Amino acid sequence: MPGIFFRMRTILSFILVAALAISSCTSNGDHDLSSDLVYNPNSASGNGDPKNLPVFEFEQDSHNFGKITQGERVAYSFRFVNKGKSDLLISNVSTACGCTVAEYPKNPIRPGEEGFVKVQFNSEGRKGIQNKSVIIVANTQPNTKVLRIKAQVILPESE
């Protein structure tokens, strides 16, 4: 009987740790805009005039770091311009893994202005080809934009 309780406690502990790990990987926790700030009746309903919405225009939506040595930290800033006719508000940027972190503008990007989404990748404990996605949620239509980074992580040379 004591063995069953030990196994149940171990399983519950594992589930709790896994849930915490997953939740820490999916949110950067830095800043989330209030839903009333992001509300845009044109983009929410899909019935508005799309010519009046903010529009992301990225120079590129993917970046390949090439070969990097395991343990190296690399970063790339994705440049974008708001080509729309209203302020662009980024409400959240999420990554699928704790090895990737993104920084983004917290203030509205006015039409014609540029902004940057900086993505940092930590290759500690990684090896081989790494493909990571960064999901941006904004008041655009569609309301998400996916950026991608790639790297080939190689082991450090022996000394």
Pair Phe58, Gln120: separation of 7 Å Cα→Cβ label points (nm)
2.0
Where does the charge balance sit around Val146 when Lys and Arg score +1, Asp and Glu -1, over other residues with C-beta under 11 Å from its C-beta?
+2
Here are some pairs, Lys51/Lys145; Lys67/Lys145; Lys51/Lys83; Lys67/Lys150; Lys83/Lys145; which of them have Cα atoms lying more than 21 Å apart in this structure?
Lys67/Lys145
Kindly list the residues of segment 121-159 that lie in the label zone of Thr69, defined by a backbone N under 19 Å from the point 7 Å along the Cα-to-C-beta vector.
121-130, 151-159
For Ser123, what is the net charge nearby, where nearby means another residue's Cβ is under 13 Å from its Cβ and Lys, Arg count +1, Asp, Glu -1?
+4
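Read-outs: derived from the displayed coordinates by stated rules, not from any lab. Only a predicted model underlies this, so the values are computations on that prediction, with no experimental measurement involved. Methodologically, a virtual Cβ is constructed for each residue, glycine included, from the backbone with ideal geometry; neighbour enumeration extends over all protein chains shown.
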